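The values are calculated or read from the model by the stated rules, or taken from the named source; none is laboratory data. In this text the structure is predicted, and so the values were computed from the model without any measurement. Heavy atoms of the whole protein, side chains included, go into the accessibility calculation; ligands, DNA and RNA do not. Shrake-Rupley method; radii C 1.70, N 1.55, O 1.52, S 1.80 Å.
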Amino acid sequence: MALCMLPLYGSFVFAYAGVFMSHVLAGVLLCASYILLNQQRMPALCGFLLGLAVLAEFPTALALPIWVWAIARRNRRELIPFVLGGLPCAIALLLYNHAITGTFTKMPYDFIADSTFSEMRSGYGLNLPQPEAVWGLLFSTY
């Protein structure tokens, strides 16, 4: 049993299991949506799972244009159920933004007070790869 658990202990699932972050949840939802995309089945559920992944972690929205492109290449008629499947999550995100910020389109990231996370205000933390960041993550004590 201990040998079977070794892959878990060496994975990010174990590292994030004890913290209140939604990285693992977003990854599972994104993976499930991808499986449905590849199987070409249940486009509405595929859209809903991708929408839930975006609700869990905003950067997973980067998958949306890729999914739309893949579905459009294969069968354009599947785009309507895909979009309708993701629509409840989009509405939930808009309502969440409105409840927190007072407007539907402004994300809570725009109001981060801690200067450490000030880059979240522009681009919501998404940026081009930075060589010094890659070096620091790979070879520093961080």
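Some notes on this structure:
- For region 71-86, a tally of residues being open to solvent by 80 Å² or more (accessible area, probe 1.4 Å) and closer than 21 Å to F58 by Cα returns 2.
- Any chance V24 is of a type in the set (V, I, T), at pLDDT below 90 and open to solvent by 70 Å² or more (accessible area, probe 1.4 Å): no
Matching residues to (1) closer than 25 Å to Q40 by Cα; (2) at pLDDT below 90:
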| position | (1), (2) |
| --- | --- |
| E78 | yes, no |
| P81 | yes, no |
| L84 | yes, no |
| P88 | yes, no |
| L95 | no, no |
| T101 | no, yes |
| G125 | no, yes |
